[in-house]
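What follows is one structure encoded as structure tokens, with my remarks underneath.
Derivation of every value follows stated rules applied to the coordinates shown; laboratory data play no part. Predicted model, so just to flag it, every value in this text is computed and none were measured. Virtual Cβ from ideal backbone geometry, glycine too; neighbours counted across all protein chains shown.
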């Protein structure tokens, strides 16, 4: 089995909306993770961000197909954001690092990575590096 990576909206968007936001390095890293048997972990907050973007750019039917495809794919694991997870993210990231411009979605992502012992994210968002995680593709 391949490695576990967190996948962020900043990579999913150019992968799923390649005509609008081309980024060959993202597409290659995503494809290589899947072909290598990797497990891609994300949250329902991140998936909601991607869905909202795709709805605006490509329409509701395409956005729904994307969400359903990710949820059906056994190589993707979407972690639900519970009240307890949100509290740990706020306390462990937003309060602790209040000098950083982390969003709630970032904080939840970092907490999921910490809890699942994931050290790298498929992301273009430098906040992952600031939080101490590796980034693929390397930015």
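Identify, from the list 47, 40, the residue that is crowded, with 16+ Cβ neighbours inside 10 Å, touching a helix residue (DSSP H, G or I) at 6+ places or on another chain (Cβ under 9 Å) and not in a strand (DSSP E or B). If you could, list the steps in order and put the result at the bottom.
Numbers: 40 fails: not in a strand (DSSP E or B).
Testing whether each residue is crowded, with 16+ Cβ neighbours inside 10 Å, touching a helix residue (DSSP H, G or I) at 6+ places or on another chain (Cβ under 9 Å) and not in a strand (DSSP E or B) leaves just 47.
Quick check on my filter: what residues within segment 76-91 are in contact with a helix residue (DSSP H, G or I) (Cβ under 6 Å, 6 or more places away or on another chain) and either closer than 21 Å to residue 135 by Cβ or surrounded by 15 or more Cβ atoms within 10 Å (Cβ to Cβ) (or both)? Outline the logic, then answer.
Looking only at segment 76-91, we keep the residues that are in contact with a helix residue (DSSP H, G or I) (Cβ under 6 Å, 6 or more places away or on another chain), and these are 76, 78-81, 88-89.
Within segment 76-91, 76, 78, 79, 81, 88, 89 meet the criteria.
Restricting the first residue to segment 117-139 and requiring it to be free of Cβ contacts under 8 Å to residues at least 40 places away in the same chain, which pairs with a second residue that is in a strand (DSSP E or B) meet a Cβ separation below 7 Å and a spacing of at least six or different chains?
119/134; 129/135; 134/120; 135/120; 135/121
Only residues that are touching a residue at least 40 places away in the same chain (Cβ under 8 Å) and part of a helix (DSSP H, G or I): list them for segment 15-37, please.
Of segment 15-37, the ones touching a residue at least 40 places away in the same chain (Cβ under 8 Å) are 16-17, 23, 25-26, 28-30, 33-34.
Within segment 15-37, 16, 25, 26, 28, 29, 30, 33, 34 qualify.
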